[in-house]
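> I'd like to ask some things about the structure below.
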Amino acid sequence: MQTRRAVILCVDDDPDFLDSLRTILESGGYAVETASSAEEGLRRYKEQRPDLVIVDLMMEEVDSGTAFMKEIRALGPTPPVYLLSSVGDGLNLSTDYAQFGFVGVLQKPVNPKTLLATLKTKLGR
């Protein structure tokens, strides 16, 4: 019997970054859905109900990632959601990302080994 692959939704307005995330995640055995805006991400979230979400902090607007998180939290229980940021490691220290419902912050550029190890721990796969 084949085990279902975990589905990860990646939301970022940088197509090159989305492509690199897809490559990394698929090499780790995950199924990947992508969206290039918070609005598109919300639609895909409702359609796919992913096992985990990775969303960029700054897309169309500075706080698109947190606005996206508020929208999906309003839909009911959420899977683990990681916030992507390129503003520096200080975001981990200066922001209480958990108050918004995020389980962690991933720093751009993402280290592939660190990302896969983090997801394996969080998803148990």
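The values are calculated or read from the model by the stated rules, or taken from the named source; none is laboratory data. If you're wondering where the values come from, they're calculated on a predicted model, not measured in any experiment. All Cβ positions, even for glycine, are placed from backbone atoms using ideal geometry, and neighbour counts span all protein chains on display. Quick note on the areas: whole protein, heavy atoms, side chains included, nothing else; ligands and nucleic acids left out. Shrake-Rupley method; radii C 1.70, N 1.55, O 1.52, S 1.80 Å.
> If you take the residues of the stretch 1-34 that are farther than 18 Å from S86 by Cα, in contact with a strand residue (DSSP E or B) (Cβ under 8 Å, 6 or more places away or on another chain) and of a type in the set (A, V, I, L, M, F, W, C), which of them is surrounded by the most Cβ atoms within 10 Å (Cβ to Cβ)?
In this case the residue turns out to be I8.
> Let me ask something additional. Within the set of pairs 6 or more residues apart or between chains, which connect a residue that is farther than 18 Å from S85 by Cα inside the stretch 111-123 to a residue that is of a type in the set (D, E) and open to solvent by less than 80 Å² (accessible area, probe 1.4 Å) with Cβ atoms less than 7 Å apart?
From residues that are farther than 18 Å from S85 by Cα, the pairs are L123/D51.
> Would you mention how many residues in the stretch 1-35 are assigned to a loop (DSSP other than H, G, I, E, B) and of a type in the set (V, I, T)? Please lay out each step first, then the result.
Of the stretch 1-35, the ones assigned to a loop (DSSP other than H, G, I, E, B) are 1-6, 12-14, 28-30.
With of a type in the set (V, I, T) added as a condition, the list becomes 3.
Total meeting the criteria: 1.
> Still on this structure, I have one more. Those residues that are more than 16 Å from P79 (Cα to Cα) and surrounded by 20 or more Cβ atoms within 10 Å (Cβ to Cβ), I need them from the stretch 35-47; list them, please. First the steps, then the outcome.
Looking only at the stretch 35-47, we keep the residues that are more than 16 Å from P79 (Cα to Cα), and these are 35-40.
Within the stretch 35-47, A35, A38 qualify.
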